[in-house]
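As structure tokens, the structure follows; a few thoughts come after it.
The values are calculated or read from the model by the stated rules, or taken from the named source; none is laboratory data. What you are looking at is a predicted structure, and each value in this text was computed from that prediction instead of being measured. Heads up, the Cβs are rebuilt from the backbone with ideal geometry, glycines too, and the neighbour counts pull from every protein chain shown. We work out accessible area using only protein heavy atoms, side chains counted, and drop any ligands, DNA or RNA first. Shrake-Rupley method; radii C 1.70, N 1.55, O 1.52, S 1.80 Å.
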Amino acid sequence: MAAIIFDFDGTIADSFEVIVDIFEHITKRKEKLTEEQMTELRGYPLQVVAERLNVPWWRIPFLLVRGRRMMARRMKEVPIFDGISKVIEELHAEGHELFIVSSNSGRNVRKFLKQHHLYKYFVEVRGNAGLLGKSRAIKRAAWANSLKVHDCVYIGDETRDVLACKVINMRIIAVSWGFANKDFLESLHPTAMAHQPQDIIRILEEL
């Protein structure tokens with residue numbers, strides 16, 4: 001059985017709209033994004049979203065700290081992607097060890113999982129993974145739990161997830177329902193692509 005390490009935002013939690021709303025608030029953006037603009041932003045990496053919101057890239061780590069605190073009060077507004085709960089339950093039932101490594105705070109992730117009755121399925125939740133150091137955070141999670149990198153599979157939705165896993169030679173299933181553009185994700189050649197949550201089960205069986 002493999003150790004499965006999940007990303008959180010954009011993979012389990014459909015938090016895009018709440019995150020953008022928080023960024024708008026923090027940056028004191030005068031005009032709210034329209035639904036069309038919000039739809040257009042979906043599929044872009046976080047740095048591109050920041051640019052579209054006129055947020056300098058260097059400010060994002062500082063804004064994230066404040067944003068995580070604001071998000072703690074809004075976790076009930078964040079929906080879960082359809083079908084992902086069932087996949088998590090199935091993976092646990094099959095004997096896989098499940099973990100989360102996220103840029104969101106561990107407290108926010110645990111709160112969300114408890115709201116959706118999923119917390120019991122995870123061995124460990126690690127939050128506050130740096131935007132520029134996710135490969136290090138993933139590797140540390142493996143080491144801390146005595147896991148070998150080649151026995152792990154990461155599941156994430158962003159280009160930086162794919163790139164981080166390539167750095168440490170960890171297999172990655174990139175999901176197309178999250179924040180990043182599907183075609184761009186595929187161009188980075190992840191181990192596999194999942195286009196709906198149930199694909200994860202099939203891909204893991206093939207791996």
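The table that follows gives values for the structure above.
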read-out: Region 184-199: number of residues that are in a loop (DSSP other than H, G, I, E, B), on the phi < 0 side of the Ramachandran plot and free of Cβ contacts under 8 Å to residues at least 40 places away in the same chain; value: 4
read-out: Residue in region 97-119 that is among the acidic types (D, E) and in contact with a helix residue (DSSP H, G or I) (Cβ under 7 Å, 6 or more places away or on another chain) present; value: no
read-out: Residue within region 127-136 that is open to solvent by less than 10 Å² (accessible area, probe 1.4 Å), within 16 Å of the chain's Cα centre (by Cα) and under 30 Å from R69 (Cβ atoms) present; value: yes
read-out: K114 part of a helix (DSSP H, G or I), at pLDDT 95 or above and open to solvent by 30 Å² or more (accessible area, probe 1.4 Å); value: yes
read-out: Matching entry among R136, R126, R140, R107 (being among the charged types (D, E, K, R), farther than 25 Å from L163 by Cβ and at pLDDT below 95); value: R107
read-out: Given (1) open to solvent by 10 Å² or more (accessible area, probe 1.4 Å); (2) of a type outside the set (K, R); (3) under 13 Å from the mean Cα position of the chain (by Cα), number of the condition L163 does not satisfy; value: (3)
read-out: Where W177 falls short, out of the listed (1) under 22 Å from A129 (Cβ atoms); (2) without any contact (Cβ under 8 Å) to a residue 40 or more places away in the chain; value: (2)
read-out: Residue list for region 83-103, restricted to those being open to solvent by 10 Å² or more (accessible area, probe 1.4 Å), on the phi < 0 side of the Ramachandran plot and not in a helix (DSSP H, G or I); value: E94, H96, E97, S103
read-out: Region 71-94 residues that are touching a residue at least 12 places away in the same chain (Cβ under 8 Å), paired with ones that are loosely packed, with under 13 Cβ neighbours inside 10 Å and part of a helix (DSSP H, G or I) (beta carbon under 9 Å, 6 or more apart); value: H92/K120
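Conditions (1) surrounded by fewer than 21 Cβ atoms within 10 Å (Cβ to Cβ); (2) within 16 Å of V101 (Cα to Cα); (3) aromatic (F, W, Y), marked per residue:
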site	(1), (2), (3)
A144	yes, yes, no
V153	no, yes, no
N169	yes, no, no
A180	no, no, no
L185	no, no, no
H189	yes, no, no
A192	yes, no, no
